[in-house]
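Each reported figure results from applying straightforward, stated rules to the coordinates on display, with no laboratory input. None of the values given here were measured: they were computed from a predicted structure. Virtual Cβ from ideal backbone geometry, glycine too; neighbours counted across all protein chains shown.
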Amino acid sequence: MNITVNEKILKKYNLTLEEFLVLYLCSKEIDIEDTIRHLIDMGIVNRDLYNNVSAVVSNNTKELIASIIIDSDKTIIDKDEEFDNLASKMRELYPKGKKPGTTYYWQDSIPIISKKLKTLAAKFKVNLVEEDVLEATQRYINSFNGDYKYMQLLRYFILKTNKDSGETRSELLSYLENTDEDDGRDWTTSLV
């Protein structure tokens with residue numbers, strides 16, 4: 001089953017997303033307390049000591065929810081192998097080992113990179129064409145002329161969310177949209 005709910009349509013009916021979700025659950029005659037108990041028994045959520053019809057959701061469970069939403073997106077569904085292959089090819093372009101001065105690997109793992117690519121595709125409704133993505137990645141790497149001090153890790157090149165502002169940025173998307181504007185020159189040596 002696929003359910004799509006548009007926030008503009010909810011506003012038209014003077015409902016919030018939360019109100020709609022509760023209405024939907026009630027229309028299905030779901031026992032919310034029983035469902036919460038089942039989720040607690042499964043270890044997915046923890047009991048809220050102050051409220052029987054609520055539960056405490058961990059960061060891991062929030063990631064699970066996000067993964068389910070992303071993997072359910074019509075542009076992503078049934079394309080795990082495609083995204084894994086693209087992640088593998090992007091990793092091959094990036095430097096090996098850890099970024100100097102950090103404990104982080106340049107390439108990260110295929111599942112992490114694949115998830116970042118899926119999130120980018122779903123969040124920005126972009127079709128990631130393999131040859132374009134690989135060419136953009138190579139242009140990004142080449143733009144540092146071998147001095148990778150300020151280069152982003154592969155996972156953050158694809159998609160990075162600022163924890164303070166919540167702003168999401170993608171250098172990959174910028175490189176994909178600006179193919180003809182990058183002449184490959186080092187701007188730091190071109191200053192007058």
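Observations, loosely collected:
- Aspartates and glutamates whose Cα lies under 14 Å from that of Lys115, excluding same-chain neighbours fewer than 8 positions away: Glu63, Asp71, Asp73, Asp78, Asp80, Glu81, Glu82, Asp84
- Taking only Cα atoms of the range 77-184, radius of gyration then Dmax in Å: 13.4, 39
- Ellipsoid semi-axes for the range 1-99, based on the Cα gyration tensor and the rule √(5λ), read 35, 21, 13 Å when sorted largest first.
- Directionally averaged shadow of the range 7-56, computed from the convex hull of its alpha-carbon atoms, nm²: 4.2
- Each Lys and Arg contributes +1 and each Asp and Glu -1, all at the Cβ; summed about the Cα centre of the range 57-117, the dipole is approximately 420 debye.
- Of every Cα-Cα pair in the range 32-84, the percent that sits beyond 16 Å: 53
- Cross-link check: pairs Lys118/Lys163; Lys79/Lys123; Lys62/Lys149 evaluated at a Cα-Cα cut-off of 23 Å; pairs beyond the cut-off: Lys62/Lys149.
- For the range 88-144, the ratio of Cα radius of gyration to the globular rule of thumb 2.2 N^0.38 Å stands at 1.20.
- Dipole-positive endmost among Pro111, Pro95, Thr4 within the range 1-136 (Cβ charges, Cα centre): Pro95
- Building the convex hull from the alpha-carbon atoms of the range 56-124 and averaging its projection over directions returns 6.0 nm².
- Counting only lysines at least 8 places from Lys28 when in the same chain, there are none with an alpha carbon closer than 18 Å to its own.
- Debye log10 I(q)/I(0) for the chain, one point scatterer per Cα, at q = 0.16 Å⁻¹: -1.12
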